[in-house]
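What follows is a short report on a single structure.
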Amino acid sequence: MPVTIPQLMQWKQQQRQIVVLTAWDYAIAQILDEAGVDVILVGDSLAMVALGHETTLPITLDEMLHHAKAVRRGVKKALVICDLPFLSYQESPQQALHSAGRVLKETGVQGVKMEGGYPSMVETIAKVVQAGIPVLGHLGLTPQSVNQLGYRQQGKTPAASDRILAEAIALEQAGVFGIVLEHIPGELAQRITQKLTIPTIGIGAGADCDGQVLVTADVLGLSAKQPPFAKSYVNLRAAIAQAATDFGTEVRDRRFGK
Ligand code: KIV
């Protein structure tokens, strides 16, 4: 049975952890889906891990659509959510609705993720949700604001921590079905998780969220550099280099194809 948004809410109530990983192409998506990952996020981190940009800012909506279509084709069971990229939704609720609508209509994914919890963004998200488009929120370290925040941990002072909690409550009231909490102290993530009825998905936010997400390139050991909270479960960079070297050696020695 395909994973649904109401199921994520049930899993929170049942205290069943939600497993989320990112994907940027068909093959990765198919492998993650077959491995039983609950939610596959076409994260705009693909701008960095798959396209070689320094930040997530340069990726366009059309590029995200291209990758989301490929991911969607690889998935049978997981819920697929796609990031709205920088400046495809911040201008106005109309722009957000237009971009989110394109993502759902053109790719077949089930929802979008939007960063931020400041008042005008909460208003924008409420409009998108009211149009029938599921939205996943994203608070704490929001990489589309890297030029203001850097990649530093957020919510460290009591005032900052209270602000993030207030934003989480406002996003829940706006109708988001879950919130990604990135790079905030574990105690703050736990406070937010206890306060909300929707699931929280942590990344660098301790062990007490309702689920966890990682960037798959980090999990696979493909990234040249990764954040301190990431974890690699295999070193594919080394495995790929070894495979390429072995092939090269066989070809140069005229052993390949014999
Ligand atoms: O773009 C992305 O991969 C993300 C995750 C880090 C949550 O937003």
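The values are calculated or read from the model by the stated rules, or taken from the named source; none is laboratory data. Please read these numbers as outputs of a predicted model, since none were measured by experiment. For neighbour counting, all protein chains shown are included, and Cβ atoms are generated from backbone atoms with ideal geometry for every residue, glycine included.
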- Restricting the search to the stretch 89-112, which residues are farther than 14 Å from His67 by Cβ and either in contact (Cβ under 8 Å) with a residue 60 or more places away in the chain or of a type in the set (Ser, Thr, Tyr) (or both)? Tyr89, Ser92, Ser99, Gln110, Gly111
- Quick one: Glu182 ticks every box in (1) under 22 Å from Leu21 (Cα atoms); (2) crowded, with 19+ Cβ neighbours inside 10 Å; (3) out of contact with any Ser or Thr (no Cβ under 8 Å at 6 or more places or on another chain) except a single one, so which number is it? (3)
- Query: In this structure, does Ala29 turn out to be at pLDDT 95 or above and either out of contact with any helix residue (DSSP H, G or I) (no Cβ under 7 Å at 6 or more places or on another chain) or on the phi > 0 side of the Ramachandran plot (or both)?
  - Reply: no
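Counting just the residues of the stretch 32-55 that are away from the ligand (no atom under 16 Å from the Cβ) and in contact (Cβ under 8 Å) with a residue 12 or more places away in the chain, which one comes out farthest from the chain's Cα centre (by Cα)?
Start the filter on the stretch 32-55 by keeping residues that are away from the ligand (no atom under 16 Å from the Cβ), which leaves 33-36.
Adding the requirement that they be in contact (Cβ under 8 Å) with a residue 12 or more places away in the chain leaves 33, 36.
Numbers: Asp33: 15, Gly36: 17 Å.
Out of the qualifying residues, it is Gly36.
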- Query: For the stretch 205-220, how many residues meet the condition of being in a loop (DSSP other than H, G, I, E, B) and either farther than 17 Å from Met9 by Cβ or touching an Asp or Glu at 6+ places or on another chain (Cβ under 7 Å) (or both)?
  - Reply: 6
- Message: Checking Val128 against (1) crowded, with 21+ Cβ neighbours inside 10 Å; (2) under 18 Å from the mean Cα position of the chain (by Cα); (3) of a type in the set (A, V, I, L, M, F, W, C), only one condition comes out false. Which one?
- Response: (2)
- Query: Inside the stretch 221-258, can you point out the residues that are of a type in the set (Phe, Trp, Tyr) and either touching a Ser or Thr at 6+ places or on another chain (Cβ under 9 Å) or in a loop (DSSP other than H, G, I, E, B) (or both)?
  - Reply: Phe229, Tyr233, Phe256
- Message: Looking at Lys105, Lys77, Lys69 in this structure, which one is out of contact with any Leu (no Cβ under 9 Å at 6 or more places or on another chain) and part of a loop (DSSP other than H, G, I, E, B)?
- Response: Lys77
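Residues in the stretch 16-24: is at least one buried (at least 21 other Cβ atoms within 10 Å of the Cβ), within 22 Å of Thr142 (Cβ to Cβ), more than 12 Å from the ligand (Cβ to nearest atom) and not hydroxyl-bearing (Ser, Thr, Tyr)?
Going through the stretch 16-24, the residues buried (at least 21 other Cβ atoms within 10 Å of the Cβ) turn out to be 18, 20-24.
With the extra rule that they be within 22 Å of Thr142 (Cβ to Cβ), the set shrinks to 18, 20-24.
Imposing the further condition that a residue be more than 12 Å from the ligand (Cβ to nearest atom) reduces the set to 18.
Add one more test, that the residue is not hydroxyl-bearing (Ser, Thr, Tyr), and what stays is 18.
Yes, the stretch 16-24 has at least one match.
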- Task: Please verify whether the stretch 230-249 includes one or more residues that are crowded, with 19+ Cβ neighbours inside 10 Å, modelled with pLDDT of 95 or more and away from the ligand (no atom under 13 Å from the Cβ).
- Result: no
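Consider the stretch 40-80. How many of its residues are in contact with a Lys or Arg (Cβ under 8 Å, 6 or more places away or on another chain) and over 24 Å from Leu236 (Cβ atoms)?
Step one: of the stretch 40-80, the residues in contact with a Lys or Arg (Cβ under 8 Å, 6 or more places away or on another chain) are 41, 43, 61, 65, 80.
Filter again for over 24 Å from Leu236 (Cβ atoms), leaving 61, 65.
Number of matching residues: 2.
Can you find a residue that is more than 24 Å from Glu123 (Cβ to Cβ), in contact (Cβ under 8 Å) with a residue 24 or more places away in the chain and polar (S, T, N, Q) anywhere in the stretch 156-170?
Within the stretch 156-170, not a single residue is more than 24 Å from Glu123 (Cβ to Cβ), in contact (Cβ under 8 Å) with a residue 24 or more places away in the chain and polar (S, T, N, Q).
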